[in-house]
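S.K.: First the structure, which I've put down as structure tokens, then a few questions once you've had a look.
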Amino acid sequence: MVVDNGATATLEANIIAGNTRGVDLFLAADTATPQDLLVNHFDLVTPYNNSSTPPLYTFNYAQGILALLTNIRGLDLSCETGTCGYNPDVFSTVAIADPSLAPYGVAAQSVLVGRYGVVPPDPRVVEYQRPGMEQAH
């Protein structure tokens, strides 16, 4: 078994470049990327099936939620009795995944804009591209 991890686009690029790492199951962070492989690179994915009319499937294997985590001890993030999530008067910065690279970054940015009015670029929002490679916007 081969396990490879990385950004969805990086994994897709490996498959398109000939699947040099030999992966045979692709778990993506979105539905658009596997659909792109099926529609635009069908000849690359069909050899991994055993029939001439392969039963290629895409399906949602997980649904996620955004989670809030703070290092402020005892802070109540609930909407019933606390800050109701992000509060710019309480938090000096907030970290999210880079929206240009990660679907959860897009979701987090949407919540910050829609619910809390934090419109990018905002110096309070730090977008992480990958571990150890932060980039403030």
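The values are calculated or read from the model by the stated rules, or taken from the named source; none is laboratory data. Computed from a prediction, not measured in an experiment: that's the story for all the values here. Heavy atoms of the whole protein, side chains included, go into the accessibility calculation; ligands, DNA and RNA do not. Shrake-Rupley method; radii C 1.70, N 1.55, O 1.52, S 1.80 Å.
S.K.: Using the heavy atoms of the protein chains and a 1.4 angstrom probe, tell me the accessible area per residue for segment 64-113 in square angstrom.
M.R.: Details: 3290 Å² over 50 residues.
Here the residues of segment 64-113 average 66 Å² of exposed surface.
S.K.: Show the residues, 5+ positions off or on another chain, whose built amide H is closer than 5 Å to the amide H of VAL126.
M.R.: Residues meeting the criterion, in which the H sits 1.01 Å from N, are VAL94, ALA95, ILE96.
S.K.: Expected output is a single nm value to one decimal: the length gained when fully extending between THR31 and THR70, i.e. 0.36 nm times separation in residues minus the C-alpha distance. What is it? Working shown, then result.
M.R.: Details: separation 39, 0.36 × 39 = 14.04 nm, distance 3.00 nm.
The span from THR31 to THR70 would gain 11.0 nm if fully extended.
S.K.: Please work out the Cα center distance from segment 7-45 to segment 92-126, rounded to the nearest Å.
M.R.: 27
S.K.: Quick one: give the max-minus-min coordinate of the C-alpha atoms of segment 60-136 along each principal axis, largest first, in Å.
M.R.: For segment 60-136, the Cα spread along each principal axis is 34, 33, 24 Å.
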